[in-house]
Amino acid sequence: MEQEKVVISGMKCSGCVDKVQNSFQKLAGVSDVQVSLADKQAVFNGHASLAELNTALAGTHYHAEKIVD
């Protein structure tokens, strides 16, 4: 399964990490979500578009952005 990584802006505490993780885990085709407050990143197996990720975060103060190498 493909691993994806995105930057999450707006996270400030462990509660933020939990909200992002729970939101992403509800997406079809996404599993093994790991969110790092220190790195401000989420890593997960599967595939979801940025639109799907940000829709999952709707109502929160967080935003997913693609990592540019």
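Each reported figure results from applying straightforward, stated rules to the coordinates on display, with no laboratory input. Everything numeric in this text was worked out from a predicted model, so none of it was measured. Neighbour counts run over all protein chains shown; Cβ positions are idealised from the backbone, glycine included.
What to note about this one:
- Cα-based helix-to-principal-axis angle, 14-25 vs the chain, degrees rounded to 10: 20 degrees
- Here volume of the Cα convex hull per residue in Å³ was calculated from the structure, and among (i) 294; (ii) 104; (iii) 77 it sits at label (iii).
- Spatially proximal aspartates and glutamates relative to residue 66 (Cα-Cα < 17 Å; intrachain offsets below 8 disregarded): 2, 4, 39, 52
- Local charge for residue 48 was computed over the other residues whose Cβ lies under 14 Å away, with Lys and Arg +1 and Asp and Glu -1, and equals -2.
- Two-site label geometry, residue 1 and residue 22: point separation in nm, points 7 Å out along Cα→Cβ: 2.1 nm
- Within the listed set 59, 15, 46, the Gaussian network model of the chain (springs between alpha-carbon atoms below 10 Å) gives the highest mean-square fluctuation for 59.
- Computed over neighbours whose Cβ is under 13 Å from that of residue 10, the net charge equals +2, Lys and Arg +1, Asp and Glu -1.
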